[in-house]
Amino acid sequence: MPTVLAVETSCDESAAAIVRDGRVLAGAIASQIEEHARWGGVVPEIASRRHLEALPPLIERVLAESGVAMVELDAVAATVAPGLVGALLVGSVTARTLARLHDKPFLGVHHLEGHLCSAQLGDPLPAGPHLVLLVSGGHTELIRVEGPGRYRRLGRSRDDAAGECFDKVARLLGLGYPGGPAIEAAAAGGDPHRFALPKGRVSLPGGGFHPYEFSFSGLKTAMLRQVQALAAAGEPLPVADLAASFEQVVAEVLVERSCRCAADEGLATLVLVGGVAANRRLRHLLEAQAASRGLAWRLAPLAYCTDNAAMVALAAEQRLAEGCRSHPELGVAARLPLEEAGRLYEPHPCF
Ligand code: KG4
Ligand code: ZN
């Protein structure tokens, strides 16, 4: 039974977790959100400093809570790409140092591979290939997953990621950061059909529209125009209706295109992961639409939608089972396509 300790520091959550045989023995997260909220977004320099302070006590906590001793670990892992370089470095250096001190293998993990694994922290996935809708602050992607490390991206956002759009629209409506939870709270009781908003589409060169590419920049502009028009008319902003209408159109466009993609690809299971997967309107719509089209579905458990280390530990555990190890001097990278995650386990460090 492999046991893996992992840390996650790619953005504004410091996290540590221990997973054994696919089960979470302990997990802890220190969010920096309040500190970044003052600036309306993540400040990279602050993020790195806070990770440096937060990580050692988090690691001590998960070791104590799980009752696992360092000597019992089979590997130590950290997210190494993509993300904020300074923030990633803190986690990576910490994990590599622990691995070296205790003579354990080190595994660098691709952040999105972690998100993909998060669904498996709930009910087991049906066997065979499946389609994953990954919606986070930095990514909106439809990924065909054949097995660990075997991915093909079938759709993505051409501009803003869905989560980024939530964050920007929340700012426009005078709500807090991060925007997703703030919009969700503001939308409660709002009318999701009051405002007609565009479902951004991506043109194909030969005419028509791409069936499962996304574009959220037009929706952002439409929200701005709507708010300006209401303000010009001297009306108080109907924040609940605006938030609910926005949430509804984002959920519809994500679910419609995902279901279409699954059907075209002959995939019987649709999986939802990433920070935006915490959105209840999106979760309910995906369940309803998947059921009505005869698709099986899996949702990442709420606790594992936004960034956490359990998903990173699970991704590392699965790679370890395939014989993967990272070079002890593997660095970090701001960008790395998911399809290239296997490079993290090459005998020579890819960065
Ligand atoms: O996966 P994540 O924690 O970090 C990245 O890898 O980006 O995703 C963060 C994103 C933010 O944009 C946040 O606003 C969004 O997920 N988010 C939500 C909700 N909770 C977090 N969006 C919609 N509804 C939510 N409940
Ligand atoms: Zn993430």
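The values are calculated or read from the model by the stated rules, or taken from the named source; none is laboratory data. It should be emphasised that the depicted structure is a prediction, and the values quoted were computed from it without experimental measurement. As a convention, Cβ positions derive from the backbone with ideal geometry for all residues, glycine included, and neighbour counts pool all protein chains shown.
Picking from residues in region 173-195 that are surrounded by 23 or more Cβ atoms within 10 Å (Cβ to Cβ) and within 16 Å of ligand 2 (Cβ to nearest atom), the one that is farthest from PRO236 (Cα to Cα) is GLY180.
With respect to THR94, is the statement that it is surrounded by fewer than 24 Cβ atoms within 10 Å (Cβ to Cβ), within 16 Å of ALA17 (Cα to Cα) and either in contact (Cβ under 8 Å) with a residue 12 or more places away in the chain or away from ligand 2 (no atom under 16 Å from the Cβ) (or both) true? Yes: the conditions hold for THR94. Restricting attention to region 131-144, which residues are surrounded by fewer than 24 Cβ atoms within 10 Å (Cβ to Cβ) and either away from ligand 1 (no atom under 16 Å from the Cβ) or of a type in the set (Ser, Thr, Tyr) (or both)? Scanning region 131-144 gives a single hit, ARG144.
Scoring GLU213 on the criteria (1) of a type in the set (Asp, Glu); (2) touching a strand residue (DSSP E or B) at 6+ places or on another chain (Cβ under 8 Å); (3) more than 21 Å from GLY137 (Cβ to Cβ) leaves a single failure, condition (3). Of the residues PRO148, PRO124, PRO105, PRO198, the single one that is away from ligand 2 (no atom under 14 Å from the Cβ) and more than 29 Å from ALA77 (Cβ to Cβ) is PRO198.
Within region 305-333, residues that are within 15 Å of LEU116 (Cβ to Cβ) reach partners that are modelled with pLDDT of 95 or more and among the polar types (S, T, N, Q) with beta carbons closer than 8 Å, at six or more positions or on different chains, in the pairs CYS305/SER118; ASP307/SER10; ASN308/SER118; ALA310/SER118; MET311/SER118; VAL312/THR79; LEU314/SER118; LEU314/GLN120.
Of all residues in region 98-127, those that are surrounded by fewer than 24 Cβ atoms within 10 Å (Cβ to Cβ) have Cβ atoms under 6 Å from Cβ atoms of residues that are basic (Lys, Arg) and not in a helix (DSSP H, G or I), 6 or more apart or on another chain, in PRO105/ARG325; LEU125/ARG298. Restricting attention to region 173-216 and to residues that are out of contact with any Pro (no Cβ under 9 Å at 6 or more places or on another chain) and aromatic (Phe, Trp, Tyr), the residue that is modelled with the lowest pLDDT turns out to be TYR177. Considering each residue of region 218-238 in turn, none proves to be in contact with a Ser or Thr (Cβ under 7 Å, 6 or more places away or on another chain) and more than 16 Å from ligand 1 (Cβ to nearest atom). Being within 19 Å of the chain's Cα centre (by Cα) and either crowded, with 16+ Cβ neighbours inside 10 Å or under 29 Å from VAL71 (Cα atoms) (or both) is a property that holds for SER31. Evaluate the following for ALA170: is it at pLDDT 95 or above and within 16 Å of ligand 2 (Cβ to nearest atom)? Taking the combined requirement at face value, the residue does not satisfy it.
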